[in-house]
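Read the figures in this text as sums done on the coordinates, not as results from a lab. Remember, predicted model here, so these are calculated numbers, not experimental data. Virtual Cβ from ideal backbone geometry, glycine too; neighbours counted across all protein chains shown.
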Amino acid sequence: MRDRPTESTRLLHTDRAPNGLLKVVGPPIQKGSTVLAPCAEALYDGTQATYGRAGLASHEALIAGLEELEHASCVRLFPSGLAAMTGSLLSVLRAGDEVLVTDAIYKPTRRFCDRVLQRYGVAVRYYPARCDPDSLMRLCSPTTRLIVLESPGSLSFEMQDVPAIAAAARARGMLTLMDNTWAAGVYFKPLDHGVDLSVQALTKYVGGHSDVFMGSAAARTPEMSQALDEAILDFGWAVSPEDAYMMLRGLRTLPTRLDRHQHSALAVARWLASHTRVRDVLHPALQSSIDHALWRRDFTGASGLFAFVLDTEDQAVVHRFLNALRLFGLGFSWGGFESLALNCDPQFTVRLDPPAHGGAMIRLSVGLEDPGDLIDDLQRALETL
Ligand SMILES: *Cc1c(COP(=O)(O)O)cnc(C)c1O
């Protein structure tokens with residue numbers, strides 16, 4: 001026997017598990033698939049984390065922050081916002097169930113419902129985005145298990161009466177799931193309003209810098225938490241510790257950034273509403289919005305995403321307007337520090353009730369720039385019409 005291992009072995013076993021890490025402001029970015037058990041007895045005891053798909057320091061720190069944000073006792077992480085939506089759907093639906101989905105749902109979620117849920121024997125029906133709770137209950141059948149909400153819709157901005165729908169669904173033994181990305185968990189708390197699962201694309205406002213993908217699902221009841229945990233084990237979803245760290249960094253400044261997004265977007269929306277080439281502005285926090293009363297009753301603020309309607313449907317003119325913008329980037333996604341613009345109409349072809357506003361619809365994600373500069377940019381581009 002050698003008195004100590006050879007160099008090749010020693011290189012593998014240095015600094016294996018540092019103890020007594022220095023205390024810095026954020027959590028450590030612990031990386032690991034293997035989690036070392038402290039003793040043989042712990043390997044199968046079932047109460048401790050034994051594998052690094054979840055439970056590492058930055059995962060836990062982010063989850064604690066999101067539980068605070070969502071008023072939830074259980075939040076779970078998914079590799080994207082879309083995965084959080086599809087994962088939550090899979091966690092509660094079974095073959096033979098029916099799901100009712102708002103017609104304003106995020107389009108890739110709709111694609112999943114139409115392609116995957118239907119293929120596995122879940123019936124999918126869409127209901128009008130402004131369907132009142134009584135009419136919605138009349139659409140339900142004995143097999144309806146889940147109602148999916150998104151309020152406001154992230155392209156067309158219809159609001160829903162979330163508390164009334166959640167209460168009516170619960171009284172009939174049905175579940176509710178809400179895509180809450182627009183309010184970022186700050187300006188609306190779905191679980192407080194009786195929704196069973198609150199999902200967010202953290203990619204948007206929580207990340208805030210358009211550079212990380214992640215989604216979260218928050219559960220209202222222990223049964224819902226358990227359903228999420230089972231699905232996560234069944235499907236193997238995991239997020240990287242670095243990405244969890246980046247999301248937590250975004251979460252720290254979320255309310256501060258949203259306050260700026262909110263005020264800038266309102267300034268831009270009010271300016272647009274007075275412009276002669278603008279037919280309408282779709283922003284629930286404007287008093288002129290038909291959804292304003294619901295927004296005021298339930299939400300404590302508005303994020304920076306809204307749309308407006310040009311006085312033309314001519315695609316060449318719409319493209320000229322978009323191409324004239326200098327500060328607004330042209331692109332999908334939203335919630336980052338940089339402002340973005342997009343024409344919405346090509347996405348309405350899948351809708352039962354495509355919004356009809358008598359002109360091309362342009363969506364703006366108002367970023368953190370000076371709102372006066374953004375208004376100048378819009379004014380310059382509108383002048384090219
Ligand atoms: C972007 C978005 C998603 C999906 O999030 P990803 O992280 O991009 O997969 C889901 N819902 C809404 C409303 C979104 O805007």
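Near residue 351, within a Cβ-to-Cβ distance under 10 Å, what is the net charge of the other residues, with Lys and Arg +1 and Asp and Glu -1? Don't skip to the end; give the middle numbers.
Numbers: positive: 107, 110; negative: 103, 353.
Computed value for this residue: 0.
Suppose each label sits 7 Å from its Cα in the direction of the beta carbon; what would the residue 383-residue 369 distance come out to in nanometres?
1.6
Considering only DSSP beta bridges with both partners in the range 97-250, what is the antiparallel share in %, to the nearest 5?
25
Provide the convex hull volume over Cα atoms per residue for the chain, in Å³.
Dividing the Cα hull volume of the chain by its residues yields 175 Å³.
What is the magnitude of the charge dipole of the range 40-249 about its Cα centre, with +1 placed on the Cβ of each Lys and Arg, -1 on the Cβ of each Asp and Glu, and no other charges, expressed in debye to the nearest 20?
Using only the charged Cβ atoms, the result is roughly 700 debye.
Just going by the charge dipole of the range 40-249, with Lys and Arg at +1 and Asp and Glu at -1 on Cβ, which of 215, 194, 162 is farthest out on the positive end?
The Cα lying farthest towards the positive end belongs to 162.
Looking at the range 40-249, what % of the alpha carbon pairs are farther apart than 20 Å?
Of the Cα pairs, 55 percent sit more than 20 Å apart.
In debye, nearest 20: dipole of the range 254-383 around its Cα centre with unit charges on the Cβ of K, R (+) and D, E (-)? Show your work: numbers first, answer last.
On the way: 12 positive and 16 negative charges, 39 e Å.
Here the range 254-383 has a charge dipole of around 180 debye.
Under unit Cβ charges (Lys, Arg +1; Asp, Glu -1), what dipole magnitude, rounded to 20 debye, does the chain have relative to its Cα centre?
Value, rounded to 20: 360 debye.
Summing Lys, Arg as +1 and Asp, Glu as -1, what charge do residues with Cβ under 13 Å from the Cβ of residue 320 carry, residue 320 excluded?
Residues close to residue 320 contribute a combined charge of 0.
Which distance in nm do the two modelled labels at residue 319 and residue 111 give, with both placed 7 Å along the Cα-to-Cβ direction?
Spacing of the two 7 Å Cα→Cβ label points: 2.3 nm.
At R0 = 56 Å, how high is the FRET efficiency between residue 293 and residue 45 if r is their beta carbon distance? Nearest 0.05 is fine. Don't skip to the end; give the middle numbers.
Values: r = 54 Å, r/R0 = 0.97.
Using R0 = 56 Å, I get an efficiency of 0.55.
Put +1 on the Cβ of each Lys and Arg and -1 on the Cβ of each Asp and Glu in the chain; which of 95, 329, 203 then has its Cα farthest toward the positive end of the dipole?
It is 95, whose Cα lies furthest towards the positive end.
Along the Cα→Cβ direction, 7 angstrom out, place labels at residue 2 and residue 229. What is the inter-label distance in nm?
4.5
Compute and list, largest first, the equivalent-ellipsoid semi-axes of the range 254-383 from the alpha carbon gyration tensor, each √(5λ) rounded to a whole angstrom. Can you show the working numbers first?
Numbers: eigenvalues 90, 70, 39 Å².
Working from the Cα gyration tensor, I get semi-axes of 21, 19, 14 Å.
What number, in percent, do you get for the relative contact order of the range 50-197 if the mean sequence gap of Cα pairs under 8 Å and at least 6 apart is divided by its residue count?
22
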